[in-house]
């Protein structure tokens, strides 16, 4: 088996395929999945796995150059907003409806079991060289 | 979205298909997956989700009439053995090699991210009526 | 097998995949199925299973925040209208032709065996948290 | 839509394909589905649709020349046994374990929502000419 | 096997799926098949099976509320026109080119072996209740 | 469209693929289809198309060097036996059960709508050079 | 095996599916294949099989009512132009770029091994009755 | 397009996948295709392309270390035997029935249009280093 | 196995399918893959295989009549620019964003492991005759 | 894109799926691929990528507890043998024919472009905890 890192087979394959400027949505368990976008469903039970666990696991393997979250997260889920700010310094906020529209052109959705509101982020891939 | 319970789409479908005496393997992230058996890969990172979380989530939705674990779990992973004993009173132990052989005739494998040894159990479905 | 709840494998999987604002059509056996939308065909014979049985089974597992029916149901099928009003207080009515158009953007269709007119409803999913 | 009879698309197709001596299993919701056999999952909720509804619907469209049930049905589910005897005069009984083995060579399984024990029957198709 | 009626497996399945206002094209062996529409190819040899045989077989199982044929059939194939008029009282005629365009939004095409000109009809499904 | 001959797309493709000694079953509508063998379902209604029509259509395009029928056809369906004898001089008869066993190693099954007993023949392809 | 005529399985099937006014492109080995159009790749080596062999083989089985070639063929490949004129009296010429555009709405492409320029023709199917 | 060599897309891909000791059958148009073996159907018309053309094209791209033909070719098709002897010095002969059996373990079949008897050869791949 | 040249099975097949004016993108490991375009993923590790290795391997088998690169390569990756200029005399430069847009209408993407910036080129196929 | 490590999407997914005692074959470009085993084809040209590059890349991500090579490598390819000995201390040697047999029960084959003899190794996965 692998020495370390992400163990999920579908997710490992999908992450390796991403290129510069491709976008990836990490979302809570209630986010509507955009049609026609590859989705890896990690959700098991409400809260398992959490948005924070999945975000950190993906950031440790992926180069990210920009990120977008729903502005509603700032008031409705301050813990998640703090996490996003700490991990993604240049984070941009857009209305949640706009984030849903943007997700339709992403290349990959990773669905977590998170059960707190607005725990979603759209990551734009950077390049490792 | 669903009111409660298991959120994973593939797993929800697969559990609904199981009948009386069908067997289901819940396994740690290092267990070799038996060929030709439907597998739902919940593993994300080492330990996420844990064997305990997945076992409890599945037991809350499935009727189970018997269970089998590796006898090695008793000495090598006492915490997991305690969990299994608590949740599955009539648990049977077989050598780990035998458990692997038995897994080839199961109907479903649920792979967790568990990263402790011998955290595997083969559940035999009961019937709800 | 499962302890309780919806037993259909395809439907269990499809319901688990729905997110906030995704729409689901529960329809009678004569409703034209919108192209390209996942459909679970529960219809067996005329009236088996009924619209009422399927509606209640799905409402017990799904969070619903809004619903739309054909205004023709009010006069042509008062029993169904009474059921819809009882179960879905904020129900909206639109002309049947409009309901058919709206069904094209739904994520899932559940076809019942119902054999009475206008027994259709479009449910919009809410969120469990 | 169809004038009458079975409305389920997958089941209508599968029944039309059956030939003389092909076997069809109608089963309750807890019967383990034999691997590699086409299955039409009509089960919705426990008891919906019932074994009796599905049996009668299929008998009205299919020529049947022989039938086999579990001998356990005679004592454990007398109502179902009465139904089987009434509908299928030359019914043969075998032990439930043998019925499960026989189901592996059937051509089609129709899973009902029946939630009473031993409500299963293996039908052998006759020929219409 | 089935007691009576349409024996073709693919056609039996496809007919059961049709709903109110869905359209079905029955066509001669020279009609261009519209792209992306499910087609059941019953054509064997020129004239086998005939348009008349297939039309009558389908009308005996399907509720039809409207029908459209090519106006060219009236002069070029009077026998077929007489058949259509007898079976489908409210038949509408459109130019053959228009019929071809209309066929692109049908849900099902049934291709016969008919080898006489303009033996095509677009049936609009009614509802059985 | 094609100038003449067999118009069915699936059948035209399948016949072109047959080689020397490959076997083809032409059968009535009640014959059980052997598992895992490609089948072209020409059956529409009982008797449409007939075994005789399909046999003659295929013999006009295929080189046949041997043929096998059920010995039961000689007494139970003399008309069919006369047809087989006239078309296939060196015809061999075996018990019907044996014919069914032999059909499992055929490369193609063509199902007709024939509704008279024992109207089945296994053709062994010859070579055109 | 077949008595005579086209032996290729994929091509035999595809030709049988063509209807009146459907278009078929026969092309040299350098023609860009239009996306989304079924293609039968007969090309083996440069010149094997030739455009002339494939054209004649297809014309012997297909009813053709019109044909279009690139006007460049008249000067750049006089031998091919002579062949086209002899086989297809009412041939229309368009610029090669226009022929490529027209090929996108064809139903079938047959790629030959031809290695001389502008050896392409778009055939429009006629009807055999 | 490619500068030279084999132009067929499916064949180019399949040849690149062959390894040391993998076997490839080049056959005439009447050879029965072994089940479950990848087949590239180059046959167009009887004799097009010929066995000789295809053999030479493949030998120019493939390392071959051994070859087997039917001993019947020596008397029934001396021209083909001469070709095989010239191209494949260490050729082994086996009875035609044995050659058919051996073909079942080959990795690839290339079907030509050859219409002369026993024009078949089983090539065993060598290695280029 | 093959005597020489490109060994990758998927790539060998895809190259053989390309026609005159079809475009092929060879890219570094960070280029976003255009949706819906066939992609052959040769990337193993950063730098393995290099852009230069893959470019030379493909040019040795493909006729190329034009090429386009990102103008940013001239300053940001002079070594790659020198390679491109040496291999592809009439090279055109466009802004990198424009190159990404152009890649959406290519027929094939070959992803290398290259880990230096702007190592991408869009090749337009010529014709070998 | 990924920060580091293996970039190939198919290989990243396949490696993540391997469990304890699953076997993986890394092979040269001439090794026959075992049927029915998932294969990732990294081979581009002879020697690209090399066996050494691929071995080292995979060893850096995979836990390996045992390895088997062909005993012929010791004399026929001393460089490769030295590499194997350095990287895999407890390496076992078996005859090359035996290695080929063992490869049939592996879970994954990674084909390199290596063009030197006997550059193959079967790795048995260990576990990371």
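We did not get these values from a lab; they are worked out from the coordinates using the rules stated. Computed from a prediction, not measured in an experiment: that's the story for all the values here. Here the Cβ positions follow ideal geometry from the backbone for every residue, glycine too, while neighbour counts run over all protein chains shown.
For the protein assembly as shown, what does -39500 (n - 2.57) per DSSP helix run (n ≥ 4), summed and divided by total residues, give at 222 nm, in deg cm²/dmol to the nearest 500? Spell out each step's value before the answer.
On the way: 50 runs with 400 residues, N = 1290.
-8500 deg cm²/dmol, from helical runs alone.
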- line: Among residues of chain C, the one whose beta-carbon sits nearest the axis that rotates C onto D, given with its distance in integer Å, is C:49, 3
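Counting only DSSP beta bridges with both residues in the protein assembly as shown, tell me the antiparallel percent, nearest 5. Intermediate results must be reported in sequence, preceding the final value.
Working: 109 of 219 bridges.
That works out to approximately 50 percent antiparallel.
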- prompt: Going by how many other beta carbons lie within 10 Å of each one, how would you line up I:87, D:111, fewest first?
  reply: I:87, D:111
query: Which percent of Cα pairs goes in each bin when the distances of the protein assembly as shown are cut into 20 angstrom slices starting at zero?
result: 10, 32, 43, 15, 0
- request: Identify which of I:70, I:39, I:86 has the largest mean-square fluctuation in a Gaussian network model of chain I, with springs joining Cα atoms closer than 10 Å.
  value: I:86
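For region J:44-114, what does the relative contact order come out to in percent, with C-alpha contacts under 8 Å and a separation of six or more? Could the numbers behind the result be given before it?
Numbers: 58 pairs, mean separation 37.8, N = 71.
Contact order relative to length: 53 percent.
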- line: Taking Cα pairs closer than 8 Å and at least 6 residues apart, the relative contact order of chain G in percent is 48
field: Cα-based shape type of chain J, given that a ≥ b ≥ c are square roots of the gyration tensor eigenvalues and the cut on a/c is 1.5
entry: rounded
query: Under a GNM of chain F (C-alpha, springs under 10 Å), which listed residue has the highest mean-square fluctuation: F:105, F:50, F:29?
result: F:105
statement: As a percent rounded to 5, the proportion of antiparallel DSSP bridges among beta bridges in region I:55-127 is 60
- prompt: Percent antiparallel among DSSP beta bridges with both residues in chain A, to the nearest 5?
  reply: 50
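Using the count of nearby Cβ atoms within 10 Å as a rough guide to exposure, how do B:125, G:27 rank from fewest to most? Please list the in-between numbers first.
Working: B:125 24, G:27 27.
So the ranking, lowest neighbour count to highest, is B:125, G:27.
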task: Take every residue in peptide A:46-57, count the Cβ atoms of other chains within 10 Å of its Cβ, and give the average of those counts.
output: 4
Highest-MSF residue in chain E out of E:38, E:97, E:114 [GNM, Cα springs under 10 Å]: E:97
